[in-house]
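S.K.: I'd like to ask you about the structure that follows.
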Amino acid sequence: MAIRKAVKGTAAVASGGLVAFYGLTQLTEYRKRQARLSRVEAVEQVNMAFQDELPSRQAQLTALRATQEFDVLVVGGGATGSGCALDAVTRDLKTALVERDDFSSGTSSRSTKLIHGGVRYLQKAIVKLDYEQYMMVKEALHERSNLLNIAPHLTALLPIMLPIYKWWQLPYYWAGIKIYDLVAGAQCLKSSYILTKTKALELFPMLKRDKLVGAIVYYDGQHNDARMNLAIALTAARYGAAIANYTEVVHLLKRVDPQMGKERVCGARCRDVITGQEFDVRAKCVINATGPFTDALRKMDDQKNPNICQPSAGVHIVIPGYYSPDNMGLLDPATSDGRVIFFLPWEKMTIAGTTDTPTEITPHPIPMEEDINFILTEVRNYLSPDVEVRRGDVLAAWSGIRPLVTNPNSKDTQSICRNHIVHISDSGLVTIAGGKWTTYRSMAEDTLDAAVKAHNLSAGPSKTVGLMLEGAKDWTPTMYIRLVQDYGLEVEVAQHLASSYGGRAYEVAKMAHVTGKRWPIVGKRLLCLAIFPTFPLTWVSPLAIRVLENELQPLAFE
């Protein structure tokens with residue numbers, strides 16, 4: 001009863017301010033959204049051939065060499081770079097993309113696996129009256145909704161519990177989470193709600209019982225980040241973009257603009273990492289979407305360019321699935337040093353993270369022991385004493401480097417804004433830096449808008465809102481049953497294929513080897529200990545990653 005009174009009291013005090021704040025911002029956003037929707041009908045407006053057969057990597061390299069000049073050359077095959085390629089090619093621009101490693105081998109595959117607006121950023125926006133941070137959250141919530149729609153096989157709704165251990169925190173956090181719902185508006189996934197102590201322990205029995213007051217549950221999205229990145233790149237290739245991984249940029253090509261009398265970037269000298277062969281790729285516009293390595297490419301353009309990125313290490317650990325329920329995550333909003341820790345179910349395991357510490361840029365960042373122990377310490381604070389959190393339970397760990405945009409007034413990376421910037425150098429190099437996974441599409445749209453304007457490219461507006469990604473077509477939540485019935489696959493393997501490949505899962509199932517058993521008929525399991533060569537063996541070896549044998553063949557994008 002006391003809890004209900006506190007909540008009602010807080011709601012009464014805050015309602016006037018919330019309504020005014022929400023109304024003003026929603027009016028602006030409503031007009032912006034209506035203008036966008038009036039010009040975009042996604043697939044209907046993309047009048048381009050959609051390739052049923054993906055070209056091989058060799059065919060893509062041939063296209064890169066043979067094409068006299070592309071409209072756009074994107075450097076970087078992470079989420080942002082792949083998003084830029086997709087945005088460009090669907091605007092009917094002749095597009096190329098090169099990645100020196102595997103697609104999503106960097107930061108884009110080392111995330112928290114969440115599609116979210118950023119609860120903590122909204123808190124900062126309200127407390128500090130920071131309109132820019134608020135609009136970033138607003139944009140992310142719109143992109144969250146879009147991403148859940150365009151790749152339903154790779155995404156899912158995830159309830160996240162915020163346990164409350166002090167009575168006064170309940171109305172405070174309840175008001176904050178309700179504002180989060182309000183900012184999402186019509187794109188709110190599901191309404192948040194309050195749980196009593198008894199109900200919270202029923203849903204999350206691992207929670208520490210002592211002094212637990214209750215809990216708040218809100219909803220965000222969860223996705224397979226590496227597969228999502230790959231789906232974006234594949235979709236760009238389907239629409240005709242020439243894309244090649246293991247192709248690095250050696251140096252930028254330049255020529256003197258006769259009208260301006262200045263050197264302009266006109267392409268890049270590339271090297272096939274596998275064969276060592278070098279070739280030129282010429283383009284009217286070169287986009288730098290290299291994430292943490294943004295400044296390295298900027299200095300290829302001009303050694304005098306100052307650094308604009310401040311790298312921050314985000315470490316995650318994987319622990320056994322019995323540490324959390326199968327269908328609910330947990331948020332620690334105030335750790336011992338002010339950072340936020342998520343505790344999320346993932347692939348029958350539990351992910352805990354992330355840290356946020358300054359770091360050096362390296363191609364293969366390794367999680368530090370102090371970061372792993374920090375996460376374990378924070379996890380212990382929220383779990384029952386019956387659950388012994390042991391260092392030996394850490395099955396895997398990874399570190400991703402966030403390419404945060406430097407704020408000269410900031411002394412630490414925690415206060416750096418996660419928003420993105422688009423910069424165009426004097427020589428015409430377009431750089432996209434900062435941002436977050438969830439907003440990759442809007443980042444790509446802003447980048448191409450700037451590139452089209454700066455380089456006078458003949459292109460219309462972005463057409464990627466609502467554009468279904470690779471595998472989304474023909475996918476249904478029950479398609480795995482057809483895979484079991486039609487191909488004789490194990491249920492678990494069929495579910496893996498359906499969630500990884502979507503509507504393309506049937507094509508993969510046809511490549512599966514016969515087991516020689518009565519059941520399953522096809523689909524030999526393969527325990528792969530080195531599927532991710534970019535990580536230390538200790539990262540992967542505890543996990544038995546089950547995939548079909550043919551899934552490991554060196555295809556163009558797999």
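The values are calculated or read from the model by the stated rules, or taken from the named source; none is laboratory data. In this text, all values refer to a predicted model and were calculated from it rather than measured experimentally. Here the Cβ positions follow ideal geometry from the backbone for every residue, glycine too, while neighbour counts run over all protein chains shown. Accessible surface is based on the protein model in full, side chains and every heavy atom, while ligands, DNA and RNA are left aside. Shrake-Rupley method; radii C 1.70, N 1.55, O 1.52, S 1.80 Å.
S.K.: Taking Lys124 as the anchor, which aspartates and glutamates have their alpha carbon closer than 17 Å to its alpha carbon, excluding any fewer than eight residues away along the same chain?
M.R.: Here the aspartates and glutamates satisfying the reach criterion relative to Lys124 are Glu132, Glu139, Asp181, Asp332, Asp337, Asp356, Asp412.
S.K.: Quick check on my link table: of Lys199/Lys348; Lys178/Lys211; Lys178/Lys473; Lys190/Lys463; Lys254/Lys473; Lys128/Lys197, which ones sit more than 30 Å apart, alpha carbon to alpha carbon?
M.R.: Among Lys199/Lys348; Lys178/Lys211; Lys178/Lys473; Lys190/Lys463; Lys254/Lys473; Lys128/Lys197, the Cα-Cα distance tops 30 Å for Lys178/Lys473; Lys254/Lys473; Lys128/Lys197.
S.K.: If you don't mind, there's one more thing I want to ask. Between Arg209 and Gln485, what length comes free when the chain is fully extended (0.36 nm per residue of separation minus the Cα-Cα distance, one decimal in nm)?
M.R.: 94.8 nm
S.K.: On to the next question. Rank these residues by their accessible area, most exposed first, probe 1.4 Å: Trp174, Trp519, Trp167.
M.R.: Trp167, Trp519, Trp174
S.K.: Expressed in nm to one decimal, what extension gain is obtained for the pair Thr198 and Val514 from 0.36 nm per residue of sequence separation less their Cα-Cα distance?
M.R.: 108.8 nm
S.K.: Write down the radius of gyration of the range 241-309 and its Dmax, each obtained from C-alpha positions, in Å.
M.R.: 13.1, 40
S.K.: Using a Förster distance of 25 angstrom, determine the FRET efficiency expected from the C-beta separation of Val273 and Ala66, and round it to 0.05.
M.R.: So, using R0 = 25 Å, E works out to roughly 0.80.
S.K.: Report the gain in length on full extension from His364 to Lys524: 0.36 nm times residue separation, minus Cα-Cα distance, nm rounded to one decimal.
M.R.: Length gained, His364 through Lys524: 54.5 nm.
S.K.: Modelled label-to-label distance, Ala186 and Ser458, 7 Å Cα→beta-carbon offset: nm?
M.R.: Spacing of the two 7 Å Cα→Cβ label points: 3.6 nm.
S.K.: To the nearest 10 square angstrom, how much accessible area does Trp398 have with a 1.4 angstrom probe?
M.R.: Roughly 10 Å² of Trp398 is accessible to a 1.4 Å probe.
S.K.: Separate question: Of the listed peptides 422-432, 236-246, what is their order by residue-averaged count of other C-beta atoms within 10 Å, with the highest listed first?
M.R.: Averaged packing, sorted descending, gives the order 236-246, 422-432.
S.K.: Could you compute how much accessible surface Ser458 exposes when probed at 1.4 Å, giving the result in Å² to the nearest 10?
M.R.: Answer for Ser458: close to 110 Å² accessible.
S.K.: With the cut-off at 18 Å, tell me which of the pairs Lys113/Lys166; Lys94/Lys453; Lys138/Lys436; Lys94/Lys284 have Cα atoms farther apart than that.
M.R.: Cα-Cα > 18 Å for Lys113/Lys166; rest within.
S.K.: Can you give the accessible area of Lys262, probe radius 1.4 Å, in Å² rounded to 10?
M.R.: 90
S.K.: Taking 7 Å along the Cα-to-C-beta vector as the label spot, tell me the Arg380-Ile421 distance in nanometres, rounded to one decimal.
M.R.: It works out to 4.1 nm between the two label points.
S.K.: Given a Förster radius of 41 Å and the C-beta distance between Tyr322 and Ala296 as r, what FRET efficiency does 1/(1 + (r/R0)^6) yield to the nearest 0.05?
M.R.: So the FRET efficiency works out to roughly 0.45.
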